[in-house]
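The structure appears below as structure tokens.
The values are calculated or read from the model by the stated rules, or taken from the named source; none is laboratory data. The shown structure was predicted, so the numbers you read here are calculated from the model rather than taken from an experiment. Here the Cβ positions follow ideal geometry from the backbone for every residue, glycine too, while neighbour counts run over all protein chains shown.
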Amino acid sequence: MTAIDTVVCVHGFWSHGTGMYLIKRRLEKEFGFRARLFSYRSVRGTLDENASALARFIHEQAADGVHIIGHSLGGVLALRMLANDPSALPGRVVCLGSPLTGSRAADFLGEQNWAEEIIGRSLPDGVIHQAANEWASHVCEQREIGVIAGNVPLGFGRLFANFKEDNDGTIAVSETRIEGATDHLVMPVSHKGMLVSSDVADQAASFLFFPALSGRGRPGLYVIGDHRFAMIVVNDIASIGFHEANSLLRPFFRRERKGHQPVDGLLASELAV
């Protein structure tokens, strides 16, 4: 097991913690993480108020370290919490479809008087007026940040943004790219589809988990078959035990049986792009 086994899942705009339930369930069932759902006032609360609430929630977990997976605004919120508190507990962050450099759809809504009550207070604070790329650069320098974007254009954002590039229906792929991020991956999912995709959950888990096993010193995103997917080799099985290593890698072997490219058990070399 990785030294950090607690993951906090943070939902997006106009949502609730239960929206991350399927990701939570897969993290627990397939990877043995202790996953927790965090809910916050995405409309009525300010970004800093919600960041403080997230910091308190993490502190209540009584853990030595905590990873965070944030969907959409939830990823922005995670970075804001770390930006406000550089001494926060150690852990990696995975942002799923998060508008880290702004959002054309959000900008459009921000210009409409009728949308003021809809967009609330956190979205303007962290996306419209000043996006994460303007205040989170030091977070990317100090933390390992993974970003997953989608390129299936299904979402209400298409009604407000004139996308002429890859997008997930709400956020453009380019809007998820923040300088200094450890890795960035585009997957064939929509903005909401990320929440129900086992591939996305597995990829996020791999970013959090397997670097501790591979000894590479940093997380990464890798390819098997038709999809970029993580498969990291246990370089020193004796350090954690064969049974535990096999248990951790079982989800990837299951994918092999479903038709992905074969790997040579625990002795396979790393499959990279």
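Starting from region 45-64, keep only residues that are in a helix (DSSP H, G or I), then list their pairs with residues that are modelled with pLDDT of 95 or more and of a type in the set (Ser, Thr, Tyr) whose Cβ atoms are within a distance under 7 Å, requiring at least 6 positions of separation or different chains.
47/122; 50/40; 50/122; 53/40; 54/40
Quick one: which residue in 94, 76 is at pLDDT 95 or above and closer than 19 Å to residue 4 by Cα? Step through it out loud before you land on a result.
Numbers: 76 fails: closer than 19 Å to residue 4 by Cα.
Within the list 94, 76, the selection yields 94.
Identify all residues within region 160-189 that are of a type in the set (S, T, N, Q) and farther than 16 Å from residue 75 by Cα; write none if there are none. Outline the logic, then answer.
Taking region 160-189 and keeping what is of a type in the set (S, T, N, Q), we get 162, 167, 170, 174, 176, 182.
Passing the criteria: 162, 167.
For residue 81, work out the one condition from (1) more than 26 Å from residue 165 (Cβ to Cβ); (2) under 17 Å from the mean Cα position of the chain (by Cα); (3) in contact (Cβ under 8 Å) with a residue 40 or more places away in the chain it doesn't fulfil.
Among (1) more than 26 Å from residue 165 (Cβ to Cβ); (2) under 17 Å from the mean Cα position of the chain (by Cα); (3) in contact (Cβ under 8 Å) with a residue 40 or more places away in the chain, the lone unmet condition for residue 81 is (3).
Return the residues of region 46-60 that are touching a helix residue (DSSP H, G or I) at 6+ places or on another chain (Cβ under 6 Å) and surrounded by fewer than 21 Cβ atoms within 10 Å (Cβ to Cβ); say none if nothing qualifies.
46, 55
Output the residues belonging to region 189-205 that are free of Cβ contacts under 8 Å to residues at least 40 places away in the same chain and either over 24 Å from residue 28 (Cα atoms) or touching a helix residue (DSSP H, G or I) at 6+ places or on another chain (Cβ under 8 Å) (or both). Can you show your working first?
Going residue by residue through region 189-205, those that are free of Cβ contacts under 8 Å to residues at least 40 places away in the same chain are 189, 192, 197, 199.
Listed by number, the list holds a single entry, 189.
Output the residues belonging to region 168-201 that are among the hydroxyl-bearing types (Ser, Thr, Tyr) and in a helix (DSSP H, G or I).
The answer is 174, 176, 198.
Just wondering, is there one or more residues in region 117-129 that are within 18 Å of the chain's Cα centre (by Cα), basic (Lys, Arg) and either under 23 Å from residue 163 (Cα atoms) or not in a helix (DSSP H, G or I) (or both)?
no
Could you please tell me which pairs satisfy a Cβ distance under 6 Å, a separation of 6+ or placement on different chains, a first residue in region 130-149 that is assigned by TED's automatic domain parsing to the domain that holds residue 92 and closer than 14 Å to residue 91 by Cβ, and a second residue that is acidic (Asp, Glu) and surrounded by 14 or more Cβ atoms within 10 Å (Cβ to Cβ)?
Partner pairs satisfying both residue conditions: 146/183.
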